[in-house]
Each structure stands twice: as C-alpha cells, then as structure tokens.
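The structure appears below as structure tokens.
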Amino acid sequence: MAIEKENLLPTAVEYEMKTSYLDYAMSVIIGRALPDVRDGLKPVHRRIIFAMNELNNTPDKPFKKSARIVGEVIGKYHPHGDAAVYDTIVRMVQDFSLRYPLIEGQGNFGSVDGDPAAAMRYTEIRLSPISLTMIEDIAKETVDFVPNYDGTLEEPLILPTRLPNLIINGSSGIAVGMATNIPPHNLKEIAQAIKSLIDDAEIEMEELIKIVPAPDFPTGGVIFGRSGIIEAFTTGKGRLILGAVASIEEMKGNREAIIVTELPYQVNKANLLESIAQLVNEKKLEGIADIRDESDRDGMRIVIELKKDTNPKIILNKLFKHTQMRITFGVIMLALVSGQPKILNLKEMLLEFIRFRKETIIKRTRFELKQAEEKAHILEGFKKAIDILDDVITTIRKSKDREDAHNRLVSKFSFTDAQAKAILDLRLHRLTSLEIQKIIEELKETLKLIARLKFILENEREIYNLIKQEMDLLVSEFGDDRRTKIVEELKDYRPEDLIQQEEVIITITHSGYIKRMPLSTYKTQQRGGKGITGISTDEKDFVEHLFVANTHQYILFFTNKGKCYWLKVYDIPEGSRISKGKAIINCIDIQQDENITAMIPVKEFDDKHYLFMVTEKGVVKKTVLSAYGNPRKDGIIAISLNEKDSLVEVKLTDGSNDMIIGTADGMALRFYEEKVRAMGRSAIGVRGINLQKNDYVIGAVAVKHNMNIDILVVSEKGYAKRTQLALYRITGRGGKGIITMKTTDKVGKLVSIRSVCEDEDLMVITTRGMVIKLAIKSINIQGRNTQGVRIIKIGEDDLVAAVAPVQVKEGDNQL
C-alpha cells in the first residue's frame with residue numbers, strides 16, 4: 001500500500017535519536033532505577049507493598065505463595081517480567097541485604113554465599129510489621145493515586161510512610177547516565193537526628209554526625225576511617241572502606257586460627273573463601289594450613305587455621321590487603337526530589353523526609369477532621385431529634401412514604417438532608433434511655449476530637465511534635481543497636497579495633513601457661529558444688545591465678561622477683577575451657593625463675609593513681625602509676641626486694657584507701673594508705689605488717705573507709721566466709737593485726753582475702769584445675785574468729801589455688 005506524501009513529516013535523524021533516547025532515559029530514571037526521597041522506594045517496591053496490602057497479606061495473616069503475589073503485581077500494576085518482580089521480593093526478605101527487611105519470608109530466600117532463592121512456587125511471604133508503618137494511612141487521602149498501566153485500577157504515586165525508609169534501608173540502582181548507592185543506617189540514630197532537626201533546623205553537620213556517626217550495615221563489619229563518612233554525609237558522595245570482623249584464637253597443638261565472624265556488606269562468603277584458597281595455592285599467602293566454614297543459624301564463623309609458629313597478625317593484614325575482607329563502598333546519595341534526580345547530603349535527605357511527613361500529617365488530619373465533622377453533624381441531628389422525639393415520631397407516622405417523611409423532617413424541623421436520612425435509618429433500640437446517653441457522650445467525644453484536629457492544623461509545632469512521637473514509637477517497636485563498628489582512621493588501624501570489648505577470664509598456671517576465655521564460659525552454680533573442668537593440667541602443673549579483665553585494657557604483670565611486664569589483653573591467646581593455654585614466655589619475656597604474682601588491668605597511665613605493693617615478708621610500697629607506662633620488653637623493676645622476699649600483691653589505688661593485709665595464719669591488719677608515702681620504682685618500701693614466726697602474707701585489699709562491702713577470706717581446703725568491713729578496726733602500719741579467720745587442720749591455711757559485694761559472683765579454681773562459680777550472697781556473713789563454710793568440695797591432694805570475684809551480668813545463666 002502506497003503511503004501518501006502528505007502524511008510524511010521530515011525530521012533529522014539526530015533530533016529523533018536525541019528526543020527518543022531522552023524519553024527512554026527519563027523513563028528509566030523516574031520509573032525504574034531511582035528511589036523517591038519521600039518513601040525511599042522504587043516503583044516496583046511500592047507496587048509490591050501496595051499489592052500485598054490490598055490482598056491482606058499482612059503480618060497477622062497466614063503466608064501466601066510468592067507466585068500469587070508476583071502474579072498480582074505484574075497483572076495489576078507492574079507490566080514487566082515475573083523474574084524481576086520476584087528478585088525484588090527476595091531482596092526485600094533477606095536480612096543480609098536490607099537493614100530492616102520489609103517482607104517476611106518462609107522458605108529458601110538465598111544466603112550470603114550467593115545461593116539463589118527457591119522458585120516462587122515454593123516460597124511464601126507476607127508483609128513484615130515494619131512495612132505497615134509505610135502504608136497505614138493510605139486510605140485517609142494522604143497520597144495521590146494515578147491510573148495503573150491499563151487504566152482499570154488506581155495505584156498510589158507514593159506511600160504515606162512514617163518510616164524514614166530511604167535512609168535506614170538505603171538503595172542502589174543504575175539509571176541512564178547516573179547511579180545511586182545509598183548505604184543503610186541505624187533507625188535509633190536516624191530517629192534521633194530527625195528529632196534534633198525538628199528542634200533546630202539550623203543544626204550544624206558536625207552535630208548531626210555526632211548523632212549519626214556512620215552508616216550501619218545489616219552484616220555488621222567495620223568502617224575504617226571517618227573522612228569518607230564525613231565526605232559522604234556532607235556532600236552526598238564519598239568512599240567508605242569496609243572491613244570484616246576477625247579475631248585470633250588458640251587451637252590445639254600450640255597453633256592459632258583467625259576467626260572471621262562478620263563480613264563487609266554485600267561480600268559473597270563462598271567467593272571470599274575461594275579467593276583465599278586460590279591465594280594459598282598460588283603461594284601468595286603462606287602460613288595457612290586449613291580453611292573451614294563453620295557458619296550456622298547462630299551466626300557466621302570462618303576458621304582460617306594457621307601453621308605452627310605463624311604470626312597471625314601478619315596473615316590477617318595480608319587477608320585485608322588481598323581479599324574482600326576489606327572493600328570500598330562508593331556512596332552516591334541520589335534520589336528523586338519532586339520528580340527530579342538530585343544528590344542530597346544527610347541533612348537535606350532528612351529535611352525532605354520531615355517535609356513529607358508534615359504534608360502527610362496535614363492531609364491525614366484534614367481527612368479525619370472532615371470525617372469527625374460529618375459524624376458530629378449527624379450526632380447533633382440525633383440530639384435535636386431526641387429533644388423533640390414525640391413530634392418527630394408523629395411526623396414520620398403521618399408521612400406517606402420515606403421520601404415524604406424525609407421532606408417533612410427537613411421542612412418542619414430544619415434538619416439537613418444528611419441528618420434526615422440518618423434519623424430515618426435510626427433503629428428503634430437507639431431510642432432507649434441508655435442508647436440516648438451514649439449518643440450524647442459520643443457527640444461530646446467527637447467535638448473534643450474536632451477541637452484537637454483543628455488545633456493540630458493551626459499549630460505547626462504540634463505537627464512537629466507528632467513527627468517526634470512517631471519517631472519514638474518506631475524506635476520502641478523496631479529500634480536496635482548498631483551493628484557496624486567504626487575505626488577512627490585506617491592508617492592507625494590496630495588489631496584491637498576489630499576485637500569486641502568484652503569481659504574475659506584470664507588464667508595462669510604454675511608452669512607459666514596463660515589463656516583468656518569469655519566470661520560466659522562458666523555458669524553460676526550453688527554453694528558446695530563440684531564445679532566443672534576449667535583447664536587441662538597435669539600432675540605437676542596447677543592454676544595459680546584467675547583474673548577478670550576487658551579485652552581492650554592493658555595488663556601489668558608483676559612477678560615474685562619484683563619486676564613488671566606490659567601486655568594488651570587481646571594479645572593473650574584465647575583458649576577453650578579445657579585447653580592448657582600458651583606459654584607465657586611466648587607473650588612476655590619473663591625469666592625462667594620468675595612467677596606471676598599479680599595482674600593489674602589499666603586503661604591509661606596517669607599521675608592520679610598509684611600501685612600499692614605488698615611482699616610476702618610484709619613490706620609495702622606505693623608508686624605513682626605513670627612510672628609504669630613504658631616498660632621495656634624484658635620488663636622493668638617494680639620494687640627492690642630484700643633477700644628471700646617476694647612480691648605477693650599489687651593494688652591500683654587513688655592514694656586515699658584503707659589497706660588490709662591478710663596472712664596465711666588468718667591474721668589481718670587495716671591501716672590508712674596515706675601512712676605510706678609515694679616512692680620511686682626501685683625503692684624497697686617500708687614495713688606494712690609485723691608477722692609472727694613462719695607466717696607470711698597471702699594478699700591485700702584496698703577499700704574506701706566507709707564502703708558498704710564485706711571482706712571475703714578463703715582457705716586452701718575450700719572454706720570461706722564474709723565478714724563486715726566495720727569489724728576490721730584501723731590500727732597503725734607495722735602492727736601485728738587481728739584474727740580474720742580461725743585456721744585449723746580442717747580448714748587449712750588462708751589462701752585469699754578479697755573485698756566483695758552481694759551482687760557479685762565468685763570464681764574459685766583448684767590446683768587440679770576444677771572451677772566453680774557461685775553467688776557471693778550464698779556465702780554466710782560471720783564474725784572474724786570463725787572458720788567459715790565449705791564452698792567447694794576438695795578432692796585428695798587438691799587445694800584451692802586462686803579466687804576472683806566477678807560482676808553479675810544481666811541475663812547471666814543460673815543453675
């Protein structure tokens with residue numbers, strides 16, 4: 001068929017290509033790839049949530065097949081492939097993809113190993129509770145609706161969310177000529193930032209960054225350095241360096257392993273393990289003996305077993321350098337603002353959300369006000385009719401039909417059409433005296449509601465207060481703690497930055513083996529229990545010291561020879577409950593004839609604190625803490641000792657304590673610390689207690705004068721008691737002391753003296769390696785001249801070796 005020339009419109013190819021491509025580009029940008037700054041959703045996400053809500057596929061209803069939801073979405077709102085819709089649903093379910101998943105799933109939805117989800121016919125889904133906060137006011141004329149793709153239905157242009165979804169869940173997408181990559185953040189921090197912006201719209205970015213210190217990724221991990229964070233938050237573009245969380249654990253055979261428990265966001269675990277194995281095979285990474293994935297439903301655990309005598313820190317740094325255990329995350333905070341793509345900084349993004357919430361609350365309030373006024377109008381008609389009830393009933397009875405009755409009510413009593421219709425629809429049971437009173441009360445409540453709604457519309461500050469209340473409610477329902485840690489600067493990276501701060505138990509054996517274990521290793525038992533094996537020892541070895549410290553503290557080791565050594569707690573190898581530990585000579589350069597007698601955890605070395613030392617022969621000395629800040633590798637002199645004397649105890653004090661010295665024969669001396677002047681490191685000290693023949697010091701306690709604490713003493717045969725501090729009178733330094741425990745053959749010599757509180761637990765370990773953990777309050781309070789009660793059953797050829805009080809943690813397991 002010939003085309004008539006008059007129907008042809010000549011145009012330049014360049015122009016047609018340009019306009020067509022721009023039309024396509026804008027379609028991709030607005031309709032597919034970029035999220036809206038208001039609800040943080042792309043059209044496909046929005047349509048999925050709306051369709052699921054329309055199907056009542058909510059958290060309080062049973063799961064529905066994913067295939068059914070996919071069909072609903074593509075059939076009514078999203079005319080694209082089913083694979084694209086299902087892939088979106090899968091990501092909205094995955095807790096390792098979204099910080100706050102918007103859909104709950106039942107079935108296989110993939111894994112961090114890159115495993116694909118099961119087919120849509122096998123999986124089931126429903127909206128998560130947090131998604132309801134995005135759609136709950138949609139029926140209150142809060143958002144505009146537009147026709148769907150075929151004009152048969154309507155869909156929302158935006159969701160009336162009270163959840164700041166864009167910033168807490170982030171978004172990523174590639175459009176034409178532009179891309180977005182918004183990292184997720186913590187809801188608690190974002191809610192607080194929104195409240196702070198409402199209180200002060202001019203708040204500086206520096207203050208905002210204090211509230212929101214960094215993005216918070218669902219897989220945890222570490223962010224190295226703050227410069228990238230500040231740049232991203234300030235300009236909307238930046239580069240974050242993300243790293244895995246790894247620690248070093250001791251294994252059998254005097255070997256160590258690197259344990260990876262968290263990976264950077266979007267890193268595929270299976271690919272990571274494959275890349276590490278490839279580096280090992282290519283001899284680019286030496287020192288690794290085995291790689292295992294021990295992850296389970298309780299969390300991730302990658303074990304990288306090292307060869308003997310391999311430095312784990314060197315291997316760890318190589319892993320960070322050559323694998324995806326450290327990656328770069330490019331931030332581009334690009335979103336649609338009024339239909340136009342715009343790069344926003346953190347403050348601008350939050351202000352856009354606040355502006356949207358203000359508009360939504362105004363629309364919702366107007367809708368509720370309109371409904372309340374209509375309801376009040378009807379109730380006022382009822383009240384008016386009740387006042388003239390007999391006349392109304394007579395008028396209705398005389399009417400020919402409903403229309404006649406309607407007209408008579410309007411003309412005779414001046415009811416409106418709406419009121420007349422409602423009166424005619426009124427059921428007779430509503431005319432009882434009780435129901436009439438309910439109508440009057442309902443009118444009063446409705447009028448109060450109208451006044452409240454008008455007050456909201458007339459007062460901008462009240463609208464902002466509602467937004468703040470919404471944030472508080474979101475935090476109470478869905479808020480959680482930050483998962484991603486922040487390391488100040490990459491160039492200052494230290495191993496402890498990747499090690500979680502936690503209380504740990506440190507043990508040292510007589511033969512010089514040391515290890516640390518999580519405090520949760522031991523559960524609280526009843527007094528008199530047999531305990532559990534706490535360490536594997538042989539007949540010639542036994543545990544001498546048990547100590548509780550934080551992984552990020554320094555430990556000062558003091559030996560019987562009067563020397564001091566310095567070590568970080570995280571450098572102490574971690575062992576299992578029954579492992580022997582690592583030789584301490586591999587951690588510090590202790591001499592063969594030296595034994596550890598005291599350990600002090602220290603956060604920083606200052607001039608406000610002192611180390612108070614007590615020797616076996618009763619000599620005491622006090623030295624300022626700062627004097628021990630830089631010990632040499634081979635140790636420094638802590639105290640000069642007389643012949644046949646040894647250092648027994650060291651206490652960290654502030655210079656104003658009372659000191660109590662305990663001896664093996666059950667004597668104790670309490671005196672003012674002030675009576676001992678500060679001396680240099682190499683000083684000998686002065687007499688602290690006058691010992692009887694064959695008696696010797698076993699420990700010391702530092703207490704405040706009027707502290708509400710007890711003194712706990714434990715004997716070598718497992719007997720203990722608590723005695724009130726007030727029963728220990730203060731005497732002069734150098735005295736003989738008073739009885740603190742009645743020592744007999746049954747009880748044995750005193751081995752420990754401690755200050756304790758009732759809210760603590762007590763760890764007791766024997767020379768045979770048996771451990772018991774019991775509540776301090778289970779040990780009776782007795783007078784000084786008593787023998788106490790049995791707290792642990794001691795076997796033959798076994799004695800109590802060490803005692804340490806432990807703070808009770810909330811949620812601690814009790815047996």
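The values are calculated or read from the model by the stated rules, or taken from the named source; none is laboratory data. All values derive from a computational prediction rather than experimental measurement. Note that each Cβ is placed from the backbone with ideal geometry, even for glycine, and that neighbours are counted across all protein chains shown. For the accessible areas, the whole protein counts, side chains as well, though only heavy atoms, and no ligand, DNA or RNA atoms are used. Shrake-Rupley method; radii C 1.70, N 1.55, O 1.52, S 1.80 Å.
Quick one: what do you get for segment 751-810 if you divide its Cα Rg by 2.2 N^0.38 Å?
Working: Rg = 12.1 Å, N = 60, 2.2 N^0.38 = 10.4 Å.
Compared with the compact-globule rule of thumb, segment 751-810 sits at 1.16.
By the scheme Lys and Arg +1, Asp and Glu -1, what is the net charge of all other residues having a beta-carbon under 9 Å from that of Thr786? Numbers along the way, then the final one.
Details: positive: Lys721, Lys742, Arg784; negative: none.
Cβ neighbours under 9 Å give a net charge of +3.
Give the long-range amide H neighbours of Lys563: residues separated by 5 or more places, or on another chain, with amide H under 5 Å away, using H modelled in the peptide plane at 1.01 Å from N.
Ala638
Quick one: Cα centre-to-centre distance for segment 600-653 and segment 257-328, in angstrom?
41 Å
If you place +1 on the Cβ of every Lys and Arg and -1 on the Cβ of every Asp and Glu, how big does the dipole about the Cα centre of segment 79-192 come out, in debye to the nearest 20? It would help to have the intermediate numbers written out before the result.
Working: 7 positive and 15 negative charges, 66 e Å.
So the dipole magnitude of segment 79-192 works out to roughly 320 debye.
Using the alpha-carbon atoms, what tilt in degrees (0 to 90, nearest 10) does helix 389-398 show relative to the longest principal axis of the chain?
40 degrees
Take Glu441, Glu256 and sort them by solvent-accessible surface of the protein heavy atoms, 1.4 Å probe, largest at the top. Display every interim value, and only then the final one.
Numbers: Glu441 80, Glu256 35 Å².
Largest accessible area first, the list is Glu441, Glu256.
I need the calculated FRET efficiency for the pair Ala583 and Lys603, taking r as the beta carbon distance and R₀ as 22 Å, to the nearest 0.05.
Values: r = 27 Å, r/R0 = 1.24.
Calculated value: 0.20.
Taking the simple approach of a point 7 Å from Cα along Cα-to-Cβ for both Val176 and Ser576, what is their distance in nm?
Output for this residue pair reads 6.2 nm.
What FRET efficiency comes out for the pair Glu458/Ala418, r = Cβ-Cβ distance, R0 = 25 Å, nearest 0.05? Walk me through the intermediate numbers first.
Values: r = 26 Å, r/R0 = 1.04.
Between Glu458 and Ala418 the formula returns 0.45.
Under a plain spin-label model, where a point goes 7 Å from the Cα along Cα-to-Cβ, how far apart in nm are Lys675 and Leu153?
8.8 nm
Across 5 Å bins from 0, what is the distribution of all Cα-Cα pair distances for segment 672-732, in whole percents?
With 5 Å bins starting at 0, P(r) equals 3, 11, 18, 22, 21, 14, 8, 2.
State to the nearest 20 debye the size of the charge dipole of the chain about its Cα centre, where the only charges are +1 on K and R beta carbons and -1 on D and E beta carbons.
Details: 116 positive and 116 negative charges, 537 e Å.
Rounded to the nearest 20 debye, it is 2580 debye.
Along each principal axis of its Cα atoms, how long is segment 281-333 end to end? Whole angstroms, biggest number first, please.
47, 30, 20
So what is the relative contact order of segment 347-441, in percent, for Cα pairs below 8 Å that sit 6 or more residues apart? Don't jump to the answer; show the numbers that get you there.
Numbers: 40 pairs, mean separation 26.6, N = 95.
Relative contact order, segment 347-441: 28 percent.
If R₀ is 22 angstrom, what is the calculated FRET efficiency for the pair Asp404 and Asp425, using the beta carbon separation as r and rounding to 0.05?
On the way: r = 16 Å, r/R0 = 0.72.
For Asp404 and Asp425, the calculated efficiency is 0.85.
With 28 Å as the limit, write out which pairs from Lys580/Lys746; Lys617/Lys651; Lys621/Lys749 have Cα-Cα distances beyond it, or answer none. Spell out each step's value before the answer.
On the way: Lys580/Lys746 31 Å; Lys617/Lys651 17 Å; Lys621/Lys749 25 Å.
Violating the 28 Å limit, Cα to Cα: Lys580/Lys746.
Mean projection of the alpha-carbon convex hull of segment 160-292 over all orientations, in nm²?
Working: hull surface 49.7 nm².
The directionally averaged projection comes out at 12.4 nm².
If you wrap segment 30-131's Cα atoms in a convex hull and average its projection over all directions, what's the area in nm²? Kindly include the intermediate steps, with their values, before the conclusion.
Working: hull surface 25.1 nm².
So the mean shadow area of the Cα hull is 6.3 nm².
Only helical DSSP H runs with n ≥ 4 go in: add -39500 (n - 2.57) per run for the chain, normalise by residue count and round the 222 nm mean residue ellipticity to 500 deg cm²/dmol.
Working: 17 runs with 231 residues, N = 815.
That comes out to -9000 deg cm²/dmol.
List the pair-distance distribution P(r) of segment 572-639, using every Cα-Cα distance, as the percent of pairs falling in each 10 Å bin from 0 up to the bin containing the longest distance, rounded to whole percents.
15, 41, 32, 11, 0
Just the C-alpha atoms of segment 658-786: what Rg/Rh do they give, with Rh taken as the Kirkwood radius?
Working: Rg = 15.0 Å, Rh = 15.4 Å.
Rounded to two decimals, Rg/Rh equals 0.97.
What lysines could a cross-link reach from Lys383, if we take a straight Cα to Cα line under 21 Å and drop same-chain neighbours fewer than 8 places away?
The reachable lysines, counting only those whose Cα sits under 21 Å from Lys383, are Lys370, Lys375, Lys412, Lys421, Lys438, Lys444, Lys448.
Taking segment 711-776 on its own, what percent of its Cα-Cα pair distances exceed 19 Å?
Numbers: 875 of 2145 pairs.
Here the long-distance tail beyond 19 Å is 41 percent of all Cα pairs in segment 711-776.
Within segment 268-367, how many Lys pairs that are eight or more residues apart, or on different chains, come under 24 Å at the alpha-carbon?
23
Treating cross-link reach as a plain straight distance, find the aspartates and glutamates whose alpha-carbon is under 13 Å from the alpha-carbon of Lys721, omitting any fewer than eight places away in the same chain.
Cross-link targets: Asp710, Glu758.
Let me have the relative contact order for segment 544-660, percent, based on Cα pairs under 8 Å that are six or more residues apart.
Numbers: 205 pairs, mean separation 37.6, N = 117.
That works out to 32 percent.
Apply the Karplus parameterisation 6.51 cos²θ - 1.76 cosθ + 1.60, with θ equal to phi minus 60°, to every residue of segment 648-657 and state each ³J(HN,Hα) to the nearest whole Hz, in sequence, with x for glycine and proline.
9, 9, 9, 10, 8, 10, 10, x, 10, 8
What do you reckon, how do His552, His80 stack up by accessible area (1.4 Å probe), largest on top? Mind showing how you got there, number by number?
Numbers: His552 50, His80 80 Å².
So, going from the largest accessible area down, we get His80, His552.
Over all pairs of distinct alpha carbons, what does the Kirkwood formula give as the hydrodynamic radius of the chain, in Å? Before the final figure, lay out each step's value.
On the way: mean 1/r = 0.0303 Å⁻¹.
That comes to 33.0 Å for the chain.
In debye, nearest 20, what is the charge dipole magnitude of segment 603-711 about its Cα centre with +1 on Lys and Arg Cβ and -1 on Asp and Glu Cβ, if you could check?
Numbers: 16 positive and 15 negative charges, 53 e Å.
Dipole of segment 603-711, to the nearest 20 debye: 260 debye.
Along the charge dipole of the chain, Cβ charges K/R +1 and D/E -1, which of Leu389, Met741, Ala678 sits furthest on the positive end?
Met741
Keeping all protein chains in the complex and leaving out DNA, RNA and ligands, what accessible area do you get for Arg366 with a 1.4 Å probe, in Å² to the nearest 10?
In the full protein context, Arg366 sits at about 150 Å².
Determine Rg/Rh for segment 131-193; Rg is computed over alpha-carbon atoms and Rh is the Kirkwood hydrodynamic estimate from the same atoms.
Values: Rg = 15.1 Å, Rh = 14.0 Å.
Using Cα coordinates only, the ratio equals 1.08.
Give the separation of the Cα centroids, segment 146-179 to segment 87-101, in Å.
With segment 146-179 and segment 87-101 each reduced to a Cα centre, they are spaced 16 Å.
Across segment 191-196, in residue order, what do the Karplus-derived ³J(HN,Hα) couplings come to in whole Hz, using 6.51 cos²θ - 1.76 cosθ + 1.60 with θ = phi - 60° and x for Gly and Pro?
Per residue, the Karplus-derived 3J(HN,Hα) values read 4, 5, 5, 5, 5, 5 Hz.
In percent, what relative contact order does segment 626-711 have, based on Cα pairs under 8 Å that are 6 or more apart in sequence?
Values: 94 pairs, mean separation 32.6, N = 86.
It rounds to 38 percent for segment 626-711.
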